[in-house]
Structure formats: structure tokens, C-alpha cells
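To keep things clear, I will list the structure first and then write my remarks on it.
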Amino acid sequence: MEDDLEYYITFPTPTPKEIHKQTDAGDNNEDDFVFINGANGEKEPVVFLLGWLGAQDHHLAKYCSIYNQKGCITIRYTSPVSYLIARPRTRLPIAHKLLGLLRDMSLDDHPVFFHMFSNNGSLLYYAFTQALAEPDSPNIMVKGIIFDSTPAPRRFYSGVRAMYEATPGPIWKKLCASLGMAFYILSYGLLSVLWTIISGKLPKHPPWALVEDVARCPQLFLYSQADKLISSDDVEFFITERQKLGVPVVAKCWTDSPHVQHYRMHPEEYRESVYSFLSLCLSKDMIVVEQPTTTAGDVGKHKSD
């Protein structure tokens with residue numbers, strides 16, 4: 001792994017306690033809440049923002065501001081395009097290094113959230129789950145997981161189109177990269193068919209393998225019926241499977257926003273969904289309410305007063 005891993009850490013300004021005092025002196029509006037009470041007293045939540053394929057830091061910085069305004073610390077990182085066709089364990093060193101930041105900066109006892117964008121972000125999150133499953137893994141408090149325009153099984157069309165959109169430069173360069181991705185997906189699919197024939201088992205490749213993730217903390221799904229890369233049917237099937245395992249789920253589905261463009265088209269609804277989810281996850285009164293349907297309904301609820 002390269003030593004110059006390009007990650008970015010942002011701390012909220014002003015501090016959560018200062019903002020809290022300001023809001024107390026004001027109108028005491030419920031919408032002006034700031035997270036200052038984590039699981040261990042006044043520990044600010046730490047949010048990992050894992051970018052989509054080809055995302056630049058100025059893209060993720062817009063999402064960073066959502067969390068910083070409420071007193072959260074953010075760590076943002078996007079896997080290089082070359083890692084898309086790498087073996088899943090190739091991302092493990094990245095996960096180890098990013099998790100090591102929590103220890104190095106004395107943040108390992110803070111509440112932790114993961115916010116993934118598209119399948120590229122979910123692939124990296126899968127590496128985090130592998131790292132956290134190791135015997136000597138850091139003991140962190142994962143309070144919630146946010147899936148934005150993800151996950152979905154690897155498919156030919158979505159993979160080729162994602163590579164085309166993420167490749168910078170002229171059209172000929174984009175086409176070459178897309179052809180390479182097409183060859184990779186076809187080869188990968190052939191190997192999967194052979195594995196199924198030999199073993200008699202259907203393989204679950206990352207990020208779809210997250211359907212069996214051992215994490216049971218609440219999960220928020222932000223997706224759209226207009227997404228041409230990640231099908232809303234795939235997301236809703238994934239939600240159903242997670243609910244069967246007892247995972248508290250909150251889902252927000254739009255009808256018109258393109259892939260990873262939900263915040264751009266619906267900023268107020270997007271922020272409200274994120275803030276409500278964080279508040280839910282940090283609440284001591286959160287319980288799990290089972291629901292048979294899995295569309296845009298809330299599964300995590302609060303106890304009544």
C-alpha cells in the first residue's frame with residue numbers, strides 16, 4: 001500500500017458544545033439540534049465518507065458539511081479506479097490505515113458511522129468489515145451505516161457505464177477503459193458460473209456479500225427509482241434480506257434523482273433523512289420494529305414517552 005494515501009479529516013467548527021449553547025439561547029428549535037452526547041458522554045460522532053467511482057474530494061466535501069454542521073468529525077476517502085477490478089482483499093490495507101486514524105487521533109472511543117456512495121464505496125466498506133472481523137481488530141462503536149445509491153450485484157451494463165463515466169479524458173480513453181471493464185466482467189462472470197457448477201453454491205461477491213454482514217446496527221438506504229446504475233429493486237431486495245436478520249432499517253426512495261445525485265436534487269429532504277437517522281442511532285430509546293414491507297418506510301423507531 002502506498003504511504004501517501006489521500007484521505008481528508010475535517011473537524012467541526014465551532015465545537016458541538018459551543019453550538020449547543022448558542023441554540024439553547026435561541027429559539028430552542030428542534031431542527032437546530034447538535035449531536036454532543038455520544039455513547040461515552042460528549043464524544044463527537046466520526047463519519048467515514050467512502051466515495052463513488054471517480055469522485056473527487058470537492059464532491060465529498062459537500063457531504064462533509066452536512067455532518068460538520070451538526071458537530072460530527074468526518075474522514076473521507078475514495079478508492080482509485082484501478083481498485084475496482086482488484087481482488088477484495090487488496091482493499092484491506094486501506095481499511096487498516098483508515099481505521100488506524102481513529103487510534104492515532106484518539107477517536108477510537110467515539111461513535112462511528114459509515115456513509116458509502118455507490119458500489120465503489122460499498123466495496124471499500126466490505127474491506128472494513130473484513131478488517132473489523134480480525135482477532136486484533138480495533139474495538140470501535142459502529143452506530144450506523146448509510147448506503148447512498150448502493151448496493152447492487154455486479155452487472156455488465158452498470159459496470160461498463162460506471163467505468164466510462166469515471167474515466168477522465170477524451171472519448172477514446174473512456175472507450176478503452178470501458179472495453180477493459182467489459183472484458184473483466186465477462187471473465188469474472190464465467191469464473192463465477194464455473195464455481196457454481198463445481199461447488200453447487202451461488203457465489204456472493206462484494207459488495208452484494210454485505211447482505212450477510214454481521215453488523216446489526218441501524219442502516220439507512222438513500223436511493224432512487226430513476227437510478228440507471230443501481231436498480232431500486234436490488235436495493236429493496238437487499239433491505240428485505242437485512243430486515244430478515246433483524247437489522248433496523250430506514251429507507252428513503254426518490255422517483256427522479258439520478259445516480260448519487262439525491263443530495264443535489266433534494267438537499268432539504270436528504271439532510272433531514274441523514275439527521276433523523278443519526279439522531280435515531282445515538283438515541284438510547286431506539287428499538288427495532290419489524291415491518292413486512294421495505295420501501296420508503298422507517299423501521300427504526302423511538303419508544304413513546
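Evaluate the following for Arg242: is it in a helix (DSSP H, G or I), within 16 Å of the chain's Cα centre (by Cα) and modelled with pLDDT of 90 or more? Taking the combined requirement at face value, the residue satisfies it.
Listed here are the residues, each with its yes/no results for (1) farther than 20 Å from Phe114 by Cα; (2) of a type in the set (A, V, I, L, M).
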| position | (1), (2) |
| --- | --- |
| Pro218 | no, no |
| Ala226 | yes, yes |
| Leu229 | yes, yes |
| Ser232 | yes, no |
| Glu241 | no, no |
| Gly246 | no, no |
| Thr255 | yes, no |
| His259 | no, no |
| Glu269 | no, no |
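Of all residues in the stretch 252-278, those satisfying the criterion of being in a helix (DSSP H, G or I) and hydrophobic (A, V, I, L, M, F, W, C) are Met265, Val274, Phe277, Leu278.
Scanning the stretch 102-117 for residues that are closer than 13 Å to Ile9 by Cβ and among the acidic types (Asp, Glu) yields one hit, Asp104.
Taking first residues from the stretch 257-285 that are on the phi > 0 side of the Ramachandran plot and touching a residue at least 40 places away in the same chain (Cβ under 8 Å) and partners that are assigned to a loop (DSSP other than H, G, I, E, B) and of a type outside the set (Gly, Ala, Ser), the Cβ contacts under 8 Å between residues at least 6 apart in sequence or on separate chains come to Val260/Trp52. Among residues that are among the hydroxyl-bearing types (Ser, Thr, Tyr), over 30 Å from Lys43 (Cα atoms), modelled with pLDDT of 95 or more and open to solvent by 80 Å² or more (accessible area, probe 1.4 Å), Thr293 is not included.
The values are calculated or read from the model by the stated rules, or taken from the named source; none is laboratory data. Being a predicted model, the structure only gives us computed values, none of them experimental. Neighbour counts are summed over all protein chains in view; Cβ atoms, including those assigned to glycine, are modelled from backbone coordinates with ideal geometry. For accessibility, only protein heavy atoms count, side chains too; no ligands or nucleic acids. Shrake-Rupley method; radii C 1.70, N 1.55, O 1.52, S 1.80 Å.
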